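**Student:** Just passing along the structure, written as structure tokens.
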């Protein structure tokens, strides 16, 4: 069973025919590291499922500072939710960090599948709810936890990324400068 079907099966059951219909409405592509799948200002037309590799979504502010919103590893979904749902230009970039195989589901095909396989609406509602909860938790963490505590949560959530992602991107994700992150990490490793 494909990783994508396994992911869906965590929340809903599809018949073999429904699985085939679902997969027929997706496209699988391989991308090299540093490929930008979505630019800020574009309308997000796809949800991306990571079969292999690592992706990130981020924004660049007026001072040309990157703010990483999410990482997506094998078995995770990623997209610009605001843009995908509203079909208005978004403010996120989505970049491939490590050579990746990505399954793309267009907004158009997703809507078609909702009509043909109504339980997929439940699946994507669950994904959206989980994303909302994770974003709310992250916002609360940024308001109430120390940088060290945010880093510890990052290490628990993304244990495989510590060796694969540049430190400056981890620093961006937890909301500190790369210099502060380096000092903090050295201090934590000495403990």
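Coordinate-derived values only; no laboratory data. These figures come from a predicted structure and were not determined experimentally.
**Student:** Among 52, 106, 146, which one shows the biggest mean-square fluctuation in a GNM of the chain, springs joining Cα atoms closer than 10 Å?
**Tutor:** In this elastic network of the chain, the residue with the biggest mean-square fluctuation among 52, 106, 146 is 146.
**Student:** Got the relative contact order for the chain handy, in percent, Cα pairs under 8 Å and 6 or more residues apart?
**Tutor:** The value is 24 percent.
**Student:** Bin width 5 Å, alpha-carbon pairs only: give the P(r) of the chain as whole percents, running from 0 to the bin holding the largest distance.
**Tutor:** Each 5 Å bin holds this share of Cα pairs: 1, 7, 14, 19, 19, 16, 11, 6, 4, 2, 1, 0.
**Student:** Using Cα springs under 10 Å in a Gaussian network model of the chain, which residue among 92, 38, 139 shows the largest mean-square fluctuation?
**Tutor:** Of the options given, 139 has the highest mean-square fluctuation.
**Student:** I'd like the distance between the alpha-carbon centres of the stretch 14-28 and the stretch 86-131, rounded to an integer number of Å.
**Tutor:** Measuring centre to centre over Cα atoms gives 14 Å.
**Student:** Moving on. If you average the sequence gap of Cα pairs under 8 Å that are 6 or more apart and divide by the length of the stretch 36-143, what percent do you get for the contact order?
**Tutor:** It comes to 33 percent, rounded to a whole number.
**Student:** While we're on this one: Quick one: compute the contact order of the stretch 89-191, relative version, from alpha carbon pairs under 8 angstrom and 6+ residues apart, as a percent.
**Tutor:** It comes to 17 percent, rounded to a whole number.
**Student:** Return the tail of the calculated pair distribution for the stretch 1-107, meaning the percent of Cα-Cα pairs more than 22 Å apart.
**Tutor:** Of all Cα-Cα distances in the stretch 1-107, 33 percent exceed 22 Å.
**Student:** Along the three principal axes, how long is the stretch 78-191 when you take its alpha carbons, biggest first, rounded to the nearest angstrom?
**Tutor:** Largest first, the stretch 78-191 extends 56, 32, 26 Å along its Cα principal axes.
**Student:** On a 0 to 90° scale, report how tilted helix 147-157 is relative to the longest principal axis of the chain, with both axes built from alpha carbons and the result rounded to the nearest 10.
**Tutor:** The angle comes out at about 30 degrees.
**Student:** Which one, 165, 176, 65, has the greatest fluctuation when you compute a Gaussian network model over the chain with C-alpha springs under 10 angstrom?
**Tutor:** Fluctuation is largest for 65.
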